[in-house]
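To start, the structure itself, in structure tokens.
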Amino acid sequence: MWLKPTTTEKIAFAFLTIAITTVVAFVFLILYYITANGIGAISIDFLTNVPLKRMTEGGIYPAIIGTLLLITGSMVVALPLGILAAIYLNEYAREGKLTWTIQMAISNLAGTPSVVFGLFGLALFVKYMGFGPSILSASLTLALLVLPIIIRASEEALATVPKGFREASLALGVTKWQTIRKVVLPIALPGIVTGAIISVGRVAGETAPILLTGAAFFLPRLPDSVSDQFMALPYHLFVLATSGTNIAKTRPIQYGTALVLLLIVLGLNLIAVAIRRHYRKKMKW
Amino acid sequence: MTVKFEEGIETEIEVRDLNLWYSDNHALKNISIEIPEKCITAFIGPSGCGKSTFIRCLNRMNDLITNCRTEGKVLVKGENIYEKEVDVVNLRKRVGMVFQKPNPFPMSIYENIAYGPRIHGERNKKKLDQIVEETLRSAALWDEVSDRLNSPALDLSGGQQQRLCIARTLAVKPEIILLDEPCSALDPISTSKIEDLMMKLKNNYTIVIVTHNMQQAARVSDYTAYFLLGELIEFGTARQIFEMPREKSTEDYITGRFG
Amino acid sequence: MRMDGKFKEHAIETVLLSTSAVTVVILFLICIFLFGEGAALFNEISFFDFLSGKFWYPTSEPPQFGLLPLFLGTLIVTVGAICISVPLGVASAIFISEIASAKVAGMLKPFIEILAGVPSVVYGFFGLVVIIPNLQKLLNLPTGQTALAGSIMLGIMALPTIISISEDAISAVPSFIKEGSLALGATRWQTIHRVTVPAALSGISAAVMLGIGRAIGETMTVMMVTGNTAIIPGFPDGFLAPVRTMTATIALEMGEVPQGSDHYHALFVIGAMLFVITLLINLIAESIKRRYMFKVGS
Ligand SMILES: Nc1ncnc2c1ncn2[C@@H]1O[C@H](COP(=O)(O)OP(=O)(O)OP(=O)(O)O)[C@@H](O)[C@H]1O
Ligand SMILES: [Mg+2]
């Protein structure tokens, strides 16, 4: 009636293997599917032309530029803010109510759905502050969205810097802030950069927040100021796939857009992984 | 290395030409030794000489280390445990092990003891209760914990945790008990309790202990083996090793002149 | 005048503190703006009517704002997602930390990172072009845009959260505890499911909570694959019918509503509810995680 423990073990391990294989297979499936179908659509023209004929032909140039602008805009705000916050939390904060509150705020922000950030951006930036639906509003919204990611990654990077380095520097009579700038930050930099790159990927892929704060359905030109509306890759893909003029006919363009988006995001992640591996090998103490 | 055991004492474990490598590190070199039944055999030697590595060979705990390779024979009751068809799980049931750092499971005291019998198929609650009480008694822990069997084992003191681990090992009814520096994390009182316990247990079990504590080895062991740099230098009765060591390096070590 | 060094250090600390306090301010502002923009709705209908309303017809005359179909839509999709991602995710985490060699584990982890990196709109697109037509064919449905399609996609998207956090928790169980079990003659599997996993249970539960949070908050993917019909889903047959989630409703309708209308406020109320739900889930996950893992007891 009871199976032998070693038999049970074999069965259990078989199930675990099936589970992980399913997960890995799915990753391959999605990568393969998008790549195989999208590669044909990508060309120089596709990347450098504006959409034509009610988005049934032409390229995705404005969407690529829009996404790059969003990345720049959001990083300008989120990076300094996030890194400074992480420095405070790792180097200065003492355990207590205040620190606890900040930590809880960060983890709750990290868990807040992106569509909620979108609503918030709509209410605060678009309406209340009067920025209107614009690159500015969308960038600020995305900045808030990735702030917790940047803080967490930077904090982690700072935490791996051995205590001895700080003590050695402080013992030389160097002030705390100088120690952080000259000793701690350089060592933590790869980790911080990794976090930043991952959050760039996140910005590039987010749709719901920009949908509410300024992404344009169709705008076959580049935005002329930060308060202009814009196209962006993820939203463009969404539009083409769900409400385009001729959804079936434009499939190749959709695959192409999806592939470009995927390449940008996964490329960024790959760079992040490479940096992490490189420095993990180099720095062993 | 063989030693003439006292009248009527048989060999429990026989090791023949055992070699072990961690990657390229030749950690055990040509070890041959016979370990007597129902006695306490102590392994001593400077840090890093391979005592832990060797004791872990006796129940094949080294199998868990990925880059570890073993050659040679270890015969437990005449059967080579490094044969392919040997059931390692069953071997570890017969050869129990207590570790340097007390490692109770994050469960209640009761569950810790019942764990072994349960995984080996005992499901009768009455029987389990009985095993728990018996083994806690033989580990001299019953009086201290009988009123809180359901509280977490991690709330016990270090010494109590270690005795719990010994009790946990006893509960699967092993023939041999391996102890790797069981007292090194304990205070003198807990240490002497465990020593008393070992003296009591040797009537029914073959005990092998690794220790850094010379007095402890001299006090409790019947036979003592001295290791140095992966080699077995000398093996004999505890009295012989501590009173008239044959090898110079053994003498240096036990008199603390080792350097 | 030179700044006194001590004063300068102090000033720096204050500046740094204020940057990290920004996070608290943001959270606070999110509450104010969401609740502020939503509150006006309750001049028109009662909170209770909103919560228990069975119909979401925001543009009919008179409009009806009933949360129930949307809430249940989110619920059914999330439940389905959890049924898929918890077993798959926890099993994968066990495999990576307890069975795979260091080398294999190192090869597997990037896959989990890829899974986490793929944008939700790409998942949605993949669901749209691959999962939906196949579901329709396979189950012989009038449409493949169903709650089930949403559950499958969300189940996959919650995997990285569940796998990576569970894996951390499982690997954090000290190896000497596992050795203790193996030395008693337990098999590796017995050790895993009787010692290691129970010891990591608080971390695993936190992982599951965060996975649920991720599934509830996901917008684009569900919007692209669930058909978005705002009717109360049946159970379990609702899995094979279209549904509309709370998140999808916001994203779908916000573009068309006149600012300041009841409908506009209603969408903010949905956002506020989502915010509160995910906040609660996070707080629960945090409190589980904080409990010392070895105090699990039996
Ligand atoms: N898991 C391992 N992987 C690689 N090398 C190991 C491993 N464990 C031990 N070694 C090496 O094997 C040799 C013997 O180590 P072992 O732990 O057996 O010594 P020991 O006599 O028990 O020392 P101590 O008294 O400090 O416990 C050492 O050189 C050690 O570095
Ligand atoms: Mg040792």
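Return one number: the angle in degrees, 0 to 90 and rounded to the nearest 10, between the long axis of the Cα atoms of helix B:158-170 and the longest principal axis of the Cα atoms of chain B. Helix B:158-170 and the main axis of chain B meet at about 90 degrees. Farthest toward the positive end of the dipole of the range B:140-259, out of B:Gln162, B:Thr191, B:Ser146, is the Cα of B:Ser146, where the dipole comes from beta carbon charges about the Cα centre.
Quick check on the protein assembly as shown: of the DSSP beta bridges with both residues there, what percent are antiparallel, nearest 5%?
Numbers: 29 of 48 bridges.
Antiparallel bridges make up about 60 percent of those DSSP assigns within the protein assembly as shown.
Rolling a 1.4 angstrom probe over chain A with all protein chains present gives an accessible area of which 67% lies on carbon and sulfur atoms.
Split the accessible area of the range C:173-257 by element, probe 1.4 Å, and carbon with sulfur accounts for 64%. Of the solvent-accessible surface of the range B:138-259, computed with a 1.4 Å probe over protein heavy atoms with every protein chain present, carbon and sulfur atoms account for 50 percent. Residues whose amide H lies under 5 Å from that of A:Phe230, counting only those 5 or more places away or on a different chain, are A:Ala216; hydrogens are built 1.01 Å from N in the peptide plane.
So which aspartates and glutamates can A:Lys4 reach, going by Cα to Cα under 18 Å and dropping same-chain residues fewer than 8 places off? Within the straight-line cut-off, A:Lys4 pairs with B:Glu85, B:Asp87, B:Glu122.
So for chain B, averaging the separation of alpha carbon pairs under 8 Å that are six or more residues apart and normalising by length, what relative contact order in percent results?
Working: 477 pairs, mean separation 70.1, N = 259.
Once normalised by length, the contact order is 27 percent.
Beyond 19 Å, what share of the Cα-Cα pairs of the range C:143-248 remains, rounded to the nearest whole percent? Write out the running numbers ahead of the final one.
On the way: 3113 of 5565 pairs.
Counting pairs separated by more than 19 Å, the tail of P(r) holds 56 percent.
Both chains summed, the buried accessible area for C and B stands near 2100 Å², from protein heavy atoms and a 1.4 Å probe.
Kindly flag which residue pairs out of B:Lys127/C:Lys289; C:Lys6/C:Lys289; B:Lys77/B:Lys173; A:Lys182/C:Lys6 have an alpha-carbon separation exceeding 27 Å in this structure. Correct reply: B:Lys127/C:Lys289; C:Lys6/C:Lys289.
Select from C:Gln64, C:Gln136, C:Gln259 the residue whose mean-square fluctuation is largest in a Gaussian network model of chain C (Cα-Cα springs shorter than 10 Å). Residue with maximal mean-square fluctuation among C:Gln64, C:Gln136, C:Gln259: C:Gln259. The orientation-averaged projection of the convex hull spanning the C-alpha atoms of the protein assembly as shown amounts to 44.5 square nanometres. Per-residue mean of foreign Cβ neighbours for A:119-127 is 6 (Cβ atoms of other chains, 10 Å radius).
With θ taken as phi - 60° and the Karplus curve 6.51 cos²θ - 1.76 cosθ + 1.60 applied, the whole-hertz 3J(HN,Hα) list for the range A:138-155 is 5, 5, 4, 4, 5, 4, 5, 4, 8, 3, x, 5, 5, 4, 4, 5, 5, 4 Hz, x standing for glycine and proline.
From the P(r) of chain A, can you give the percent of Cα pairs sitting at distances over 27 Å?
Working: 21526 of 40470 pairs.
Here the long-distance tail beyond 27 Å is 53 percent of all Cα pairs in chain A.
With a Förster radius of 51 Å, plug the Cβ-Cβ distance of C:Gln136 and B:Thr11 into 1/(1 + (r/R0)^6) and report the FRET value to the nearest 0.05. Display every interim value, and only then the final one.
Details: r = 73 Å, r/R0 = 1.43.
So, using R0 = 51 Å, E works out to roughly 0.10.
The reciprocal of the average 1/r between distinct C-alpha atoms defines the Kirkwood hydrodynamic radius, which for the range C:83-184 equals 15.5 Å. The contact between chain A and chain C removes approximately 6800 Å² from the accessible area (both sides summed; 1.4 Å probe; ligands, DNA and RNA excluded).
How about the range A:92-182: which GluC sites (Glu not before Pro) there lie in a loop by DSSP and see at most 10 other Cβ atoms within 10 Å? Intermediate values should be presented prior to the final figure.
Numbers: sites: A:Glu95, A:Glu155, A:Glu156, A:Glu167; in loops: A:Glu95.
Hits after loop and neighbour filter: A:Glu95.
Within 10 Å of the Cβ of each residue in C:105-118, the mean number of Cβ atoms contributed by other protein chains is 5. Applying the Karplus relation 6.51 cos²θ - 1.76 cosθ + 1.60 with θ = phi - 60° to the range C:32-38 yields 3J(HN,Hα) values of 4, 5, 5, 5, x, 6, x Hz, where x marks Gly and Pro.
Other residues within the sphere of radius under 14 Å centred on the Cβ of A:Glu156, judged by their own Cβ, net out at 0 (K and R +1, D and E -1). Rolling a 1.4 angstrom probe over the protein heavy atoms with all chains in place gives the protein assembly as shown an accessible area of 43 Å² per residue.
Nearest 5 is fine: what % of DSSP beta bridges in chain B come out antiparallel, could you say? If you can, show how the numbers build up before the last one.
Details: 25 of 42 bridges.
The antiparallel fraction comes to roughly 60 percent.
Dimensions of the range B:102-259 along the principal axes, based on C-alpha atoms and rounded to the nearest Å, stand at 56, 28, 25, largest first.
Just check the range A:1-132 against the gyration tensor rule for me: Cα atoms, a ≥ b ≥ c as the square roots of the eigenvalues, rounded for a/c under 1.5, and otherwise prolate or oblate depending on whether a/b exceeds b/c. Present the calculation step by step, with values, prior to reporting the outcome.
Values: a/c = 2.78, a/b = 1.14, b/c = 2.44.
In terms of gyration-tensor shape, oblate.
Applied to the range C:98-104, the Karplus parametrisation 6.51 cos²θ - 1.76 cosθ + 1.60 on θ = phi - 60° returns per-residue 3J(HN,Hα) values of 10, 10, 5, 6, 4, 5, 4 Hz, with x for Gly and Pro. Between A:Leu170 and B:Lys127, the simple label model (points 7 Å from Cα in the Cβ direction) yields a spacing of 6.1 nm. Per the Debye calculation on the range C:2-43 with a single equal scatterer at every Cα and no solvent contribution, log₁₀ I(q)/I(0) for q = 0.28 Å⁻¹ amounts to -0.87. Note on C:251-263: average number of Cβ atoms from other chains within 10 Å of each residue's Cβ is 2.
With Cα atoms as the point set, the range B:83-156 shows a radius of gyration and Dmax of 13.8, 46 Å.
Roughly how many debye, to the nearest 20, is the charge dipole of the protein assembly as shown about its Cα centre, given +1 on each Lys and Arg Cβ, -1 on each Asp and Glu Cβ, and no other charges?
Working: 72 positive and 66 negative charges, 157 e Å.
The dipole magnitude comes to about 760 debye.
For the range C:50-291, evaluate the Debye formula with one uniform point scatterer on each Cα (no solvent term) and list log10 I(q)/I(0) at q = 0.09, 0.13 Å⁻¹, rounded to two decimals. Relative scattering, expressed as log10 I(q)/I(0), comes to -0.45, -0.83.
The values are calculated or read from the model by the stated rules, or taken from the named source; none is laboratory data. Everything numeric here is computed off the predicted structure, so don't read it as measured data. Reconstructed Cβ throughout: ideal geometry from the backbone, glycine too, with neighbour counts over all protein chains shown. For accessibility, only protein heavy atoms count, side chains too; no ligands or nucleic acids. Shrake-Rupley method; radii C 1.70, N 1.55, O 1.52, S 1.80 Å.
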